[in-house]
Amino acid sequence: EIVLTQSPGTLSLSPGDRATLSCRASESVNRNYIAWYQQKPGQAPRLLISTASFRAAGIPDRFSGSGSGTDFTLTISGLEPEDFAVYYCHQYSRTPYTFGQGTKLEIK
Amino acid sequence: QLVQSGGEVKKPGESLEISCKVSGYSFDKYWIGWVRQVSGKGLEWMGIIYPGDSESRYNPSFQGQVTISADRSTETAYLRWSSLKASDTAVYFCARSALGPGWYPMYLDLWGQGTLVTVSS
């Protein structure tokens, strides 16, 4: 299976800062089939980005995704208070589909 | 939307089936996946089913431990255990999979609210 490793495990930043979250795959992800989700406590995950760089409907443009092959990045420009949450990457290139272990974005 | 059944408290060895009722889109034209989340931990992809023909694909880690099914007449997907273990204690999410070329299951774009399953003696 494709193992996704996210870094850092925890990111401490202030509102207004820029957040850069990394997701590295154990092998190349075909067609850049990587998605990013945001999860807040007690809630279901919410889709942010699909196919590495396509924002889902209703997602603010401060969220952007990039990358290809084995290295992918989620960038949040100008953090808002509601952005502090856990973020997961997800590959749907090959079954079993897998998730990264998550990056917790916390307020500094 | 996807609406899941309520939380369950069960004993080890008991069976359980939780449900995911779909509305607002064509049930048999999108894959539905199940995702496990142990308290305080990350997301685990368990498997996926295409209600149109009941084709299913399992994560080997969950193959044989659970059964994923779908009922087109009630537009409901199910996750079933025949013999629960304490280690099955978790929140389980169902989610719709967006479609790629050739009905390929893609990312999860619509999620249920989650069902908490607690297994304890």
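The values are calculated or read from the model by the stated rules, or taken from the named source; none is laboratory data. What you see is a predicted model; the values in this text were computed from it and never measured. Ideal geometry is used to build each Cβ from the backbone, glycine not excepted, and the neighbour counts take in all protein chains shown. Please note that ligands, DNA and RNA were not included when accessible areas were found on the heavy atoms of the full protein model with its side chains. Shrake-Rupley method; radii C 1.70, N 1.55, O 1.52, S 1.80 Å.
Residues of the range B:74-120 that are surrounded by fewer than 17 Cβ atoms within 10 Å (Cβ to Cβ) and modelled with pLDDT under 95: B:Leu99, B:Gly100, B:Pro101, B:Gly102, B:Trp103, B:Tyr104.
This table checks each residue for (1) part of a loop (DSSP other than H, G, I, E, B); (2) over 24 Å from B:Asp109 (Cβ atoms).
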position: A:Glu1; (1), (2): yes, no
position: A:Ser12; (1), (2): no, yes
position: A:Asp17; (1), (2): yes, yes
position: A:Glu27; (1), (2): yes, yes
position: A:Gln43; (1), (2): yes, no
position: A:Ile49; (1), (2): no, no
position: A:Ile59; (1), (2): yes, no
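The set of residues in the range B:83-104 that are among the small types (Gly, Ala, Ser), in a loop (DSSP other than H, G, I, E, B) and away from chain A (no Cβ under 14 Å) contains only B:Ser83. Per this entry, A:Arg18 is counted among residues that are touching a residue at least 12 places away in the same chain (Cβ under 8 Å) and either more than 9 Å from every other protein chain (Cβ to nearest Cβ) or over 20 Å from B:Gly100 (Cα atoms) (or both). Is it the case that the range B:62-82 has a residue that's within 13 Å of chain A (Cβ to nearest Cβ) and touching a residue at least 60 places away in the same chain (Cβ under 8 Å)? No; the residues of the range B:62-82 include none that is within 13 Å of chain A (Cβ to nearest Cβ) and touching a residue at least 60 places away in the same chain (Cβ under 8 Å). Of all residues in the range A:39-60, at least one satisfies being more than 12 Å from chain B (Cβ to nearest Cβ) and within 22 Å of B:Met46 (Cα to Cα). When the range A:76-88 is limited to residues that are surrounded by 14 or more Cβ atoms within 10 Å (Cβ to Cβ) and touching a residue at least 24 places away in the same chain (Cβ under 8 Å), the one that is nearest to the other protein chains (Cβ to nearest Cβ) turns out to be A:Tyr88.
The residues on offer are B:Ser19, B:Ser73, B:Ser97, and the sole one that is closer than 24 Å to A:Tyr33 by Cα and of a type in the set (Ser, Thr, Tyr) is B:Ser97.
Please go through the range B:1-13 and give me each residue that is part of a loop (DSSP other than H, G, I, E, B) and either surrounded by 13 or more Cβ atoms within 10 Å (Cβ to Cβ) or among the aromatic types (Phe, Trp, Tyr) (or both), ordered by number. Answer for the range B:1-13, where residues must be part of a loop (DSSP other than H, G, I, E, B) and either surrounded by 13 or more Cβ atoms within 10 Å (Cβ to Cβ) or among the aromatic types (Phe, Trp, Tyr) (or both): B:Ser5, B:Pro12.
Would you check if A:Arg31 is within 28 Å of B:Pro60 (Cβ to Cβ) and away from chain B (no Cβ under 13 Å)? Criteria not met by A:Arg31. Checking each residue in the range B:32-58 for being farther than 23 Å from A:Thr103 by Cα and within 9 Å of chain A (Cβ to nearest Cβ) picks out B:Gly47, B:Ile48, B:Arg57, B:Tyr58.
Checked against the criterion of being open to solvent by 60 Å² or more (accessible area, probe 1.4 Å) and of a type in the set (D, E, K, R), the candidates A:Arg62, A:Arg31 yield just one match: A:Arg31. Has the range A:89-106 got any residue that is away from chain B (no Cβ under 14 Å), surrounded by 16 or more Cβ atoms within 10 Å (Cβ to Cβ) and of a type in the set (A, V, I, L, M, F, W, C)? Within the range A:89-106, one or more residues are away from chain B (no Cβ under 14 Å), surrounded by 16 or more Cβ atoms within 10 Å (Cβ to Cβ) and of a type in the set (A, V, I, L, M, F, W, C). Highlighted here would be strands (runs of 3 or more DSSP E) found entirely within the range B:19-62 that include at least 3 residues which are β-branched (Val, Ile, Thr) and surrounded by 13 or more Cβ atoms within 10 Å (Cβ to Cβ), but there are none.
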